[in-house]
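K.L.:
Structure provided below as structure tokens; questions to follow.
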Amino acid sequence: MKLKRFLLRYYPPGIILDYELSDKTRSQKEIDLLNLTPQSDVEVLVDDIVAREPLISASRKPQLRRLIFKLIEKLETNEMNDFYLFKILRAHILPLTNCAFNKSGDKFITGSYDRTCKVWNTETGEELLTLEGHRNVVYAIAFNNPYGDKVITGSFDKTCKLWNAENGDLYHTYRGHTTEIVCLSFNPHGTIVATGSMDNTARLWDVETGECLHTLQGHTAEIVSLNFDTQGDRVVTGSFDHTVKIWDVRNGRCIHTLSGHHGEISSTQFNFASDTCISGSIDRTCKVWDVASGQCIHTLRGHNDEILDVSFNTTGSKLVSASADGTSRVFNTMTGACQAILVGHEGEISKVCFNPQGTRILTASSDKSARLWEVETGGCMQVLEGHTDEIFSCAFNYEGDTVITGSKDNTCRIWKCSV
């Protein structure tokens, strides 16, 4: 085996080894640096990696050192800078349902009650494409990140459509669900799409052929949340039947049913290592689950109203919950301890996410504002104001220097980090 080159993965921090096997074929190995911080001792880290990794010789140390400093530099970007309003897009004639970035952040998509999905240029605010064809609300949308050349749309018309993100051509219409599609996701390789529906099932679809690979049956009420793990081997689903299920993507079988919530599930997510997943519920709790055993590790309490969204940071060391009580809470995943309470919104918080660096949290609220918070202290760093109706969608781009907010006022706002 011969090391050919290093590749960097910024969020979460890691180094990918691209190497050649004896038969001249290429393969890759990932070295995760999930605990890397600007305070890390780089020399100790370099020595440790070289000692543990036979592919890396001591002569590669200077190169390795440079790469780690580059990763640290990325973690420190946009640390204290404010965001400013860059563009207001009068996006649709009817309210928006969702918005999402491609990986590079130069494009984003919006779904709407007007039955379309639109593709936008982030830099210019120009509308690039209108994806038309659905016969009802376009509710769930996604790019096939990291590639970004395809878009999937899920609709209340019971179908899902796969589009070319460059020219708007329709590749496939996936039919099979008997009621509205409300959540969907691409697997990390962009080869499979998962859809969740009000018909109590999820389905796995082959992106290339358009055929249904598996129907995930077992929930007794609508599925409102679903996600793939980092490898794409498993899917987690959250349902109004108060349970979470983990499924094997290869055969469509249920591996675990995670029971314990006393109310409908609103949100689910795997951590980066895919050994833990979280669920938020209208029972006011968030639960942390061990994926291998299906056991509940922590029940996180403190909210006095429904939890509407939950999210891990990129490394999985922290998670944040968003509630109808107008607050968000930051928890340590390992200990289950509440580290900060984000207080300031005057209405329910429907969406929450960390920036890629893990230093800030973005919240979207029915009080018509979005807020940026400091993760360690829970202090409000900035209020993004200007929408004239509730904000229900928000996202960071991959670099963490651009934010989009989608509102019931039919507009989408692009916010950029001042340099």
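K.L.:
Specify whether the C-alpha gyration tensor of region 333-419 places it in the rounded, prolate or oblate class, a ≥ b ≥ c being the square roots of the eigenvalues: rounded for a/c under 1.5, otherwise prolate if a/b is larger than b/c and oblate if not.
P.N.:
Values: a/c = 1.98, a/b = 1.35, b/c = 1.46.
Cα axes put region 333-419 in the oblate bin.
K.L.:
Based only on the alpha carbon positions, what is the Kirkwood hydrodynamic radius of the chain, in angstrom? It would help to have the intermediate numbers written out before the result.
P.N.:
On the way: mean 1/r = 0.0453 Å⁻¹.
By the Kirkwood definition, the hydrodynamic radius is 22.1 Å.
K.L.:
I need the shape label for region 159-265. Rule: rounded when a/c is under 1.5, else prolate if a/b > b/c, else oblate, with a, b, c from the alpha carbon gyration tensor.
P.N.:
On the way: a/c = 2.13, a/b = 1.63, b/c = 1.31.
Prolate shape, in that a/c is at least 1.5 and a/b is the bigger ratio.
K.L.:
Please give me the summed charge of the neighbours of G218: other residues whose Cβ is under 15 Å from its Cβ, Lys and Arg +1, Asp and Glu -1. Can you show the working numbers first?
P.N.:
Details: positive: R203, R234, K245, R253; negative: D199, E222, D241, D248.
Charge balance in the 15 Å sphere: 0.
K.L.:
Are there GluC sites (Glu not before Pro) in region 115-194 that DSSP puts in a loop and that have at most 15 other Cβ atoms within 10 Å, and which ones?
P.N.:
Details: sites: E123, E126, E127, E132, E166, E180; in loops: E123, E126, E132, E166, E180.
Taking region 115-194 and a limit of 15 other Cβ atoms within 10 Å, the loop GluC sites (Glu not before Pro) found are E123, E126, E132, E166.
K.L.:
What does the net charge come to around R26 if you take all other residues with beta carbon closer than 15 Å to its beta carbon, with K and R at +1 and D and E at -1?
P.N.:
On the way: positive: K2, K4, R5, K24, K29; negative: D18, E20, D23, E30.
Within the 15 Å Cβ shell, the charges total +1.
K.L.:
Let me ask another. Whole Å is fine, so just give me how far the alpha carbon centre of region 189-218 lies from that of region 133-175.
P.N.:
13
K.L.:
Which whole-angstrom value gives the distance between the alpha carbon centres of region 66-126 and region 241-282?
P.N.:
28
K.L.:
Set the Förster distance to 22 Å, then compute FRET efficiency between D149 and D206 from the Cβ-Cβ distance, nearest 0.05.
P.N.:
Working: r = 17 Å, r/R0 = 0.77.
Calculated value: 0.85.
K.L.:
Based on the Kirkwood radius over alpha-carbon pairs, what value in µm²/s does the Stokes-Einstein equation return for the translational diffusion coefficient of region 314-382 at 37 °C and 0.692 mPa s?
P.N.:
Working: Rh = 11.8 Å.
So the translational diffusion coefficient is about 279 µm²/s.
K.L.:
Oh, and also: Please compute the Kirkwood hydrodynamic radius over region 262-419, one decimal place, Å, based on all pairs of different Cα atoms.
P.N.:
On the way: mean 1/r = 0.0646 Å⁻¹.
15.5 Å is the Kirkwood radius here.
No lab work stands behind these numbers, since they all come straight from the coordinates. A quick note: this is a predicted structure, and the numbers were derived from the prediction, not measured. Note: ideal-geometry Cβ built from the backbone for every residue, glycine included; neighbour counts use all protein chains shown.
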